[in-house]
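Below: the structure, in structure tokens.
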Amino acid sequence: MDNLKQFLFAGDADGLTKEVERLLKENIAPDKILNEGLVAGMAIVGVRFKSNEIFIPEVLISADAMHAGMKVLEPYLAEAGVKPKARVVIGTVKGDLHDIGKNLVMMLLKGAGFQIEDCGIDVHPEKFIEAIKSTDAGILAISSLLTTSMSNMRLTIDALKEHNLREKVKVMIGGAPITKGFADEVGADGYGKDAAEAVDLANEFIQMKFKV
Ligand code: B12
């Protein structure tokens, strides 16, 4: 497991996939490789990012290595019936085309064991609703980088209410202009200042024993 973490920290996708394959050959359980190796490693990446020990490029290359390892691992996880922690629908709000931060949040959430449905950018509230309905997701994560599009977060939360989904779905929002005060104002369940906080929030949502 330590080897896996070292490959993750170094962003060595090739080394990581070979190590995952080696561990699988040794009959190490796929969920152990996932949780004690990859997820635990990405959690450390998240902590280092939060404390400014590492920066966005390092997080991105670690996340890429994680994805490479996951590609090898996924069929084994499916075979073993390992379920994701929860399903998360994510997207950048209507009117906004920025997606670098949203993708970073998505990568760390994936790294933490969440299943992600990415709606992309410029997402109309109804598109979020469709994605939530089709995936039965319990968490919605919305990003906005523009002050002009922030208000569409409120419209998306209102749409959840109109579709009777508000009780079922926990909402987190984030992006450079977003604040905790704004999150409270629009009725979100949480605000994260960065991708590591998004993971903390998602874990808190699950711990609330919310059905996701
Ligand atoms: C890159 C960039 C672009 C790129 C986007 C490329 C892409 N694929 O995303 C391009 C060139 C396309 C672009 C376009 C525009 N941009 Co621009 N852009 C930026 C820039 C320089 C960086 C944004 C970024 O990627 N940051 C890095 C990421 C990692 O940080 P982040 O997005 O904040 O995300 C982190 C957190 O906020 C948080 N987070 C993000 N989302 C979420 C979601 C959840 C749920 C949670 C919990 C956390 C979370 O976690 C992330 C990781 O830690 C910013 C300036 C800045 N310093 O922010 C301007 C900026 C956002 N843009 C700006 C503007 C004005 C525009 C344009 C209108 C420019 C124009 N006149 O055409 C257009 C808008 C187009 C549109 N409709 O969206 C302004 C916004 C001003 C404002 N107050 O509204 C900024 C602030 C620049 C400025 N100082 O004027 N832009």
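Going through 144, 134 one at a time, which residue ends up being polar (S, T, N, Q) and open to solvent by less than 10 Å² (accessible area, probe 1.4 Å)? If you could, list the steps in order and put the result at the bottom.
Numbers: 134 fails: open to solvent by less than 10 Å² (accessible area, probe 1.4 Å).
The match here is 144.
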Any residue at all in the range 180-188 that is under 12 Å from the mean Cα position of the chain (by Cα) and more than 9 Å from the ligand (Cβ to nearest atom)? no
Of (1) more than 30 Å from residue 38 (Cα to Cα); (2) touching a strand residue (DSSP E or B) at 6+ places or on another chain (Cβ under 8 Å); (3) away from the ligand (no atom under 13 Å from the Cβ); (4) among the polar types (S, T, N, Q), residue 152 satisfies every one except (3)
Candidates 117, 58 - the one that is open to solvent by 40 Å² or more (accessible area, probe 1.4 Å) and not in a helix (DSSP H, G or I): 117
The range 83-97 residues that are within 17 Å of residue 155 (Cβ to Cβ) and small (Gly, Ala, Ser), paired with ones that are more than 9 Å from the ligand (Cβ to nearest atom) and in a loop (DSSP other than H, G, I, E, B) (beta carbon under 9 Å, 6 or more apart): 91/119; 91/120
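So that you can scan it fast, the table gives a plain yes or no per residue for (1) free of Cβ contacts under 8 Å to residues at least 60 places away in the same chain; (2) open to solvent by 70 Å² or more (accessible area, probe 1.4 Å); (3) part of a loop (DSSP other than H, G, I, E, B); (4) of a type in the set (A, V, I, L, M):
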| position | (1), (2), (3), (4) |
| --- | --- |
| 71 | yes, yes, no, no |
| 76 | yes, yes, no, no |
| 101 | no, no, no, no |
| 113 | no, no, yes, no |
| 126 | yes, yes, no, no |
Taking the range 159-169 and keeping residues surrounded by 15 or more Cβ atoms within 10 Å (Cβ to Cβ) and over 19 Å from the mean Cα position of the chain (by Cα) leaves 159, 160, 163, 165, 166
Give me the residue from the range 21-34 that is open to solvent by 80 Å² or more (accessible area, probe 1.4 Å) and on the phi < 0 side of the Ramachandran plot and, out of that set, nearest to the ligand (Cβ to nearest atom). 32
Quick check on this structure: which one of 176, 159 is of a type outside the set (S, T, N, Q), farther than 26 Å from residue 40 by Cα and touching a residue at least 60 places away in the same chain (Cβ under 8 Å)? 176
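The values are calculated or read from the model by the stated rules, or taken from the named source; none is laboratory data. Since we're looking at a predicted model, the values are computed, not measured. Neighbour counts are summed over all protein chains in view; Cβ atoms, including those assigned to glycine, are modelled from backbone coordinates with ideal geometry. Each accessible area value is taken on the protein alone, full model and side chains, heavy atoms only, with ligands, DNA and RNA left out. Shrake-Rupley method; radii C 1.70, N 1.55, O 1.52, S 1.80 Å.
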